[in-house]
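The values are calculated or read from the model by the stated rules, or taken from the named source; none is laboratory data. Remember, predicted model here, so these are calculated numbers, not experimental data. Quick reminder, even Gly has a Cβ in these numbers, built from the backbone with ideal geometry, and neighbours come from all protein chains shown.
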Amino acid sequence: MVRKAGWRLWVFYGLFAPLVVFAVLRFAWALTGSQARMVWAWGLTYLTLNLASGGLPGPNLVRYNKDLEIVAPLFCVALGALAHAAWRSSRASVRLLSFAGSLAWLAFAAGRAWAALADRIVLER
């Protein structure tokens, strides 16, 4: 379950996969009460859906699991909160790292979007 979840994170987020996990954990630990419980439950749906879909035969309810679609907003908010916290740091090196990381994320996302668009363009002769 964890191996499959990790692989799917790597496939979709590339080198940013460890940063996504760190951002979600940091975001969840920074919250308290019902907000923290909501974030933990939301994040754990990713692992639960990977467990439910792993190795099940044929068409079933979770065969085409939408694990990443469910947690994508959480991942984005967590990454944004991490970048914001780093940007608010008084250390210039941390702020520079936050800015560079944000630019790298934008370049990664734009590259993935461009590749998806290019795969769908069909030129007929």
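Details
- Across region 81-124, the qualifying residues are those that are part of a loop (DSSP other than H, G, I, E, B) and loosely packed, with under 12 Cβ neighbours inside 10 Å, and the one among them that is modelled with the lowest pLDDT is Glu124.
- The residues of region 86-125 that are closer than 19 Å to Ala30 by Cβ and in contact (Cβ under 8 Å) with a residue 40 or more places away in the chain amount to a single one, Gly101.
- Note on region 1-29: residues that are more than 13 Å from Ala78 (Cα to Cα) and in a helix (DSSP H, G or I) amount to 14.
- In region 30-53, the count of residues that are of a type outside the set (Asp, Glu), at negative phi, at pLDDT below 80 and not in a helix (DSSP H, G or I) is zero.
- Residues satisfying the stated conditions in region 1-13, i.e. surrounded by fewer than 12 Cβ atoms within 10 Å (Cβ to Cβ) and under 11 Å from the mean Cα position of the chain (by Cα): Val11
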